[in-house]
Each structure stands twice: as C-alpha cells, then as structure tokens.
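Below: one structure, written as structure tokens.
Values in this text are rule-based calculations from the coordinates and carry no lab data. Owing to the predicted nature of the structure, the values given are computational and were not obtained by experimental measurement. Quick reminder, even Gly has a Cβ in these numbers, built from the backbone with ideal geometry, and neighbours come from all protein chains shown.
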Amino acid sequence: MLLQGLWPVQYFEDLEPGAVQRFGHYAVTREEVLEFAGRFDPQPFHLSDEAAAETHFGRISASGWHTCAMTMHMVVENLAAHGQAGLGSPGVDELRWHKPVYPGDTLRCETQLLEKTRSRSRPEMGSFRSTMKVYNQTDELVMSFTSIGLIRVRDPQAK
C-alpha cells in the first residue's frame, strides 16, 4: 500500500503550465523482463538470448509495454510521495519507443505540464496535458508520450 507523503495535496488550481518535474528510479532486471514478456508480450526477442541476437536489438530487451508499466510504477510512487488529487486518465497520445530498454538499465522520468482546462460540465474536476519523457542511466531518451490527466478542483464553487 502506498501512503501519501508530507507534501500538501496538489489540486487543479496548483498546476502551473510549463512546470517540469524530474523523478523516479527503476532498475530493470532480466528476471522481470522475462516474466513480463512471458505473460504479456511473448515475442522471441524478449524471451531468448539467441533469438534477440538475430535482431536489431542484439540482446534481450524489455517489451515497450513493460517500459510503460515501469513508468507507471514511477508515476504512482511520485504521486504517493507528493500528493495529487488525481482522478485517473482518459489516455495518452503520441506514444513512442525511441531506444530499447535492456536488463541492467535504470530508468527515470521527466514530465512537463503543457496546459490545463477546467471542465465546463463537471465543476469539481479539470484536466491537464503533459509530456512524459523516460530516460535510461546514460540520459538517452527511451520512451515519450503526451498524457491527459483528470484532477479534482479544490473549490468547485469558485469561478
């Protein structure tokens, strides 16, 4: 169970377009890459050293979907530590896997808030768009996407 940290909860009103946040530390293990691939993306280059050696990957690489899952883990840890009145997400746009992620890599995140919009039909909530960039230990961009988040408004009666 994740517990909220000592930071005050962040609401729609607290979001500042342009703000950048860097967070996360995720060590990618061979065991986890094999387990995820075996369950959810059983392509040979995610499961076999020999098969991976015959591809442009050169060695076993994490599934792109596994990279998404590891990123989500870092996002949730960050939200738990810093607090946000989040209400989930209707989706992501422009998902790109720029470089393979390999066992032994360590991932981190960088996000920038692009814009926020108050809901006209639901005064208790707003939405925001942000870019997410995921880097490995040598600061190579491995994945990026634009996310859409839903968040509570502190005072739904305020205009």
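Quick one: grab the alpha carbon gyration tensor of segment 12-152, order the square roots of its eigenvalues as a ≥ b ≥ c, and give me rounded if a/c is under 1.5, else prolate or oblate depending on whether a/b is larger than b/c. The shape class here is prolate. In terms of surrounding Cβ atoms within a 10 Å radius of their Cβ, Ile60, Ile148 rank from fewest to most as Ile148, Ile60.
Compared with the direct C-alpha span, the chain from Glu50 to Gln21 gains 6.5 nm at full extension, assuming 0.36 nm per residue. Each residue, Leu87 and Ile148, gets one label point 7 Å from its Cα in the Cβ direction; the gap between the two is 1.4 nm. Comparing Cα centroids, segment 33-85 and segment 102-121 end up 18 angstrom apart.
Taking a ≥ b ≥ c as the square roots of the eigenvalues of the alpha carbon gyration tensor, segment 1-88 is prolate, as a/c is not under 1.5 and a/b beats b/c.
Projecting the Cα atoms of His25, Gly149, Trp97 onto the charge dipole of segment 12-152 (Cβ charges, centred on the Cα centre) puts Gly149 farthest toward the positive pole.
Which ordering of His98, His46, His56 is given by a fewest-first count of other beta-carbon atoms within 10 Å?
Ordered from fewest to most neighbouring Cβ atoms within 10 Å, His98, His46, His56 come out as His56, His98, His46.
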